[in-house]
1. Once you average over the residues of B:162-169, how many Cβ atoms of partner chains fall within 10 Å of each Cβ?
2. Choose one of B:Pro183, A:His40, B:Gly94: the residue whose Cα lies farthest towards the positive end of the charge dipole of the protein assembly as shown (beta-carbon charges +1 Lys, Arg; -1 Asp, Glu; about the Cα centre).
3. Are there trypsin sites (Lys or Arg not before Pro) in the stretch B:19-112 that DSSP puts in a loop and that have at most 11 other Cβ atoms within 10 Å, and which ones?
4. So, with +1 on the Cβ of K and R and -1 on the Cβ of D and E, and no other charges, what is the size of the charge dipole of the stretch A:38-112 about its Cα centre, to the nearest 20 debye?
5. Nothing charged except the Cβ atoms of Lys and Arg (+1) and of Asp and Glu (-1): what's the magnitude of the dipole of the stretch B:155-290 about its Cα centre? Round to the nearest 20 debye.
6. How much space per residue, in cubic angstrom, does the convex hull of the C-alpha atoms of the stretch B:172-300 take up?
7. Per residue of the stretch A:142-159, in order, report the coupling 6.51 cos²θ - 1.76 cosθ + 1.60 (Karplus, θ = phi - 60°) as ³J(HN,Hα) in whole Hz, putting x for Gly and Pro.
8. Can you compute the modelled spin-label distance between B:Lys124 and A:Thr186, with each label point 7 Å from Cα toward Cβ, in nm?
Amino acid sequence: MKKLNYPFSPEAVRELKVGDMVLITGKLFTGRDAVHKYLHDGNKPPVNLKNQIIYHCGPVTLKDKKGKWTVTAAGPTTSIREEPYQWEVIKDYGIVGVIGKGGMGQKTLDACKEYGCVYFHAVGGAAQVLAEKIKSVDGLYLEEFGLPEAIWELSVEDFPVVVTMDAHGNSLHKDVEASSKEILKTVL
Amino acid sequence: MAKKIIKKKAALPKKTSKVKKTVKKLSLKDQTIESLVELIRVTSTVVPDDVFKTIAAAAKNEVKDTTADYAMGIIKNNIDLAKFKSQPLCQDTGTVIFYIYHPPGFHQTPFKEMIKKAVTLATKKGYLRQNSVNSLTGENAGTNLGEGHPSIHFYEQKGQEVSVKLMLKGGGCENVSAQYSLPDTGLSAGRDLEGVRKVIIDAVYKAQGKGCGPGALGVCVGGDRADSAYFAKKQLLRKLDDKNSNKDLDKLEKEIVETCNKLGIGPMGFGGKTTLLSCKITHANRVPASFFVSISYMCWAFRRQGVVLNKNSAIKKWLY
Ligand code: SF4
């Protein structure tokens, strides 16, 4: 088990390798389809994303009477939808980590290598376990996209993920697909 | 009539006592709605026993300290936590599908209305996410009601009992579900059980970890495109530890699970021993010109439950 603590940096994530089980402590910014499209269209992000981690997640959130937000469910959403945009966001805004599920493609993998970023896979469907790791909601941006699509700034502690694409050009998704293909040939 | 509900074991003790204290009488309609909301709550927050046992056995089987072991550990914790907090297992609470088995002379239309009311209430209470989107306008009414939603199927049966089964079918796993048309030259899959075996394994390979595996399959051999997909999904209502009454299919079911678990795709596609939890297969007649095989993939967050209602529409028995 490895730990990745805030503040994050390209150097720190370059230390990580495919297959590493990592507990992240620090800040995460959620961002999914609307946010990626917005950035791709040339709009500046409302927060500085340099050396930050983006989480592909549309959280279920509740506001209490005092106006304080809590996150009640926060599992990852499918990342591949952001494949056309992710490399640009890595390049232009200097994010050093992407959390999601299902993995991403070659463009993202190349950008990870070039700029120092890794793809972390969270356990899909583990909405409750992951929500428990969120200690506070520190900000809400682009609320006009609707709450699940907005950018939520979250503080997390020991947020459990697995590195499935590292900053050295390796992808666990590619490896597992290739090895299972070999086995598939023998059983078909 | 006194309001009486048998709470699923999973319910928090505190909630049970709260229910017992209430003595206000409910109309048959209100009682039905209340029972349906409870069915939705339990389905969304607790995996059925047969599924839990299969997941627990699979978790034990993974090699310690691997990514597969890590993922299975998180899955198990999530199952415990969701039950304890009475919160949805996964934030995608899926397509809401009801299967109602009723006696002759039963009135379907008012029951449909009660189901819609229960779905609206369960959404308000947070057991279901606001998950239903108009396919043309993109609008989400926030109620989980709309064209075709919830999906409701009625079946007449002998006897006086009404039972209701519910499945919440996630989107990620629906996206990796598949339909093949045999023969499939690419896979050298012909129009026989060997061909069927090949396409099922191919579907699991293609899914990789994207359907939030380890998954469970419902399969239908034959039928037209629509019925085939419908019967395949309905196979997910079978308990994971049951036996197929057709010997050949029973054998094929076991063989598929065994073979798919050799693929090494593992939980979440991280690699590992458990790729598939179960496979359930049925068949339907086809016309000579077509031969479809439909595969419905269910994620580890396998949400299905069922209840038998008593004559006052309170929950008499849980089915899973
Ligand atoms: S596939 Fe299942 S576990 Fe995964 S996100 Fe969808 S509903 Fe949740």
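1. Going residue by residue through B:162-169 and averaging, the value is 0.
2. It is B:Gly94.
3. Qualifying residues, ordered by number: B:Lys24, B:Lys25, B:Lys64.
4. 480 debye
5. Value, rounded to 20: 200 debye.
6. Looking at the stretch B:172-300, the number lands at 92 Å³ per residue.
7. Once θ is set to phi - 60°, the couplings for the stretch A:142-159 become 6, 4, 4, 6, x, 4, x, 9, 6, 8, 10, 9, 10, 9, 10, 10, 6, 6 Hz.
8. So the two model labels end up 5.8 nm from each other.
Read-outs: derived from the displayed coordinates by stated rules, not from any lab. What you are looking at is a predicted structure, and each value in this text was computed from that prediction instead of being measured. All Cβ positions, glycine included, derive from the backbone under ideal geometry; neighbour counts span all protein chains shown.
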